[in-house]
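Everything below concerns the one structure shown next.
The values are calculated or read from the model by the stated rules, or taken from the named source; none is laboratory data. Quick caveat: nothing in here was measured; it's all calculated off a predicted structure. Here the Cβ is made from the backbone with ideal geometry for all residues, glycine too, and neighbour counts use every protein chain on show.
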Amino acid sequence: MMDDGVVIREVTAGYGRRTVLHRLSARLPRAGVTAVVGPNGSGKSTLLGVLAGTVRLSGGAVGRPTTGRPGFVVQRDAVSDSLPITARDTVAMGRWALRGPWRRLRPDDWAIVDACMTVLDVADLAPRRLGTLSGGQRQRVLVAQGLAQQPDLLLLDEPTTGVDANARQHIVAALDREKARGVTVVHATHDLDLAMRADHCLLLDGGRLLAQGPPDSVLTPQALGDDRLAAGERSLPAER
Ligand SMILES: Nc1ncnc2c1ncn2[C@@H]1O[C@H](COP(=O)(O)OP(=O)(O)O)[C@@H](O)[C@H]1O
Ligand SMILES: [Mg+2]
């Protein structure tokens, strides 16, 4: 049943006086994966920000069955590559988000950090500085940080954009694993195969919901207005 998932009711939200999302309503299945798709600027990141609580609502409401803080893996290009921080400390920030930055992490926190790095196959990168990692390695470290929070709701902004096949495979497996653990997963993506694997799909355009439902009913060439899909291209249109 979807009754106990995340419920977005008539949400209007944006930045300052700029409204991006217009009375958007949707239901996201609990312990399922929801893919948010749409061209650049359609409001995908803003919607994730609304779910994360970092973008303020000017109307409507978001209902969640649980009260814990969501985990939010931001778009990779939003993370500075000059931060003088190691991969392991980057993942550990997921634990500090829970414990508070003034608390020392306990051995069990570090055990979770290391386990999450192993899942994403980045354990051997632990002492490396974030800025020295490849795009795919850094993205896996950021996903590991999200997992380390052990959230009930995990939000990921374009987790496979610009990463190599190996990184993508580990990220896809990690999302499957979180879902199997009962986590509600929401990701924004231009990756058609990843969107097709989701349980539920939201299609945005211009900050409005064009369609929602099972991916194969939402991601039709007509709905996307793009015949590249019919031609078998595996990436969703970024520009319209
Ligand atoms: N911090 C911000 N301040 C003002 N406008 C923003 C900000 N972030 C995004 N926008 C605008 O909101 C709209 C939707 O952006 P976004 O949610 O990032 O779309 P997407 O993730 O689908 O590319 C765009 O027009 C964008 O320029
Ligand atoms: Mg975005």
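Checked against (1) more than 10 Å from the chain's Cα centre (by Cα); (2) within 13 Å of ligand 2 (Cβ to nearest atom); (3) part of a strand (DSSP E or B), residue 62 passes all but condition (2).
Looking at the structure I just gave you, is residue 11 buried (at least 17 other Cβ atoms within 10 Å of the Cβ) and more than 16 Å from ligand 2 (Cβ to nearest atom)? In short, yes. In summary, strands (runs of 3 or more DSSP E) completely within region 133-231 and bearing 3 or more residues that are more than 16 Å from the chain's Cα centre (by Cα) occur at 208-213. Scanning region 68-80 for residues that are within 16 Å of ligand 1 (Cβ to nearest atom), at pLDDT 95 or above and among the polar types (S, T, N, Q) turns up nothing.
Of 167, 188, 180, all but one fail to be closer than 22 Å to residue 97 by Cβ and of a type in the set (Gly, Ala, Ser); the exception is 188.
Tell me, yes or no, whether region 77-89 has at least one residue that is under 14 Å from the mean Cα position of the chain (by Cα), among the hydrophobic types (A, V, I, L, M, F, W, C), assigned to a loop (DSSP other than H, G, I, E, B) and within 16 Å of ligand 2 (Cβ to nearest atom). No, region 77-89 contains no residue that is under 14 Å from the mean Cα position of the chain (by Cα), among the hydrophobic types (A, V, I, L, M, F, W, C), assigned to a loop (DSSP other than H, G, I, E, B) and within 16 Å of ligand 2 (Cβ to nearest atom). Would you call residue 95 farther than 15 Å from residue 169 by Cα and out of contact with any Gly (no Cβ under 7 Å at 6 or more places or on another chain)? Yes; evaluated as a whole, the condition is true for this residue.
Considering region 1-50, the qualifying strands (runs of 3 or more DSSP E), each wholly inside and each with 2 or more residues that are more than 25 Å from residue 197 (Cβ to Cβ) and of a type outside the set (Val, Ile, Thr), run over 6-15, 18-28.
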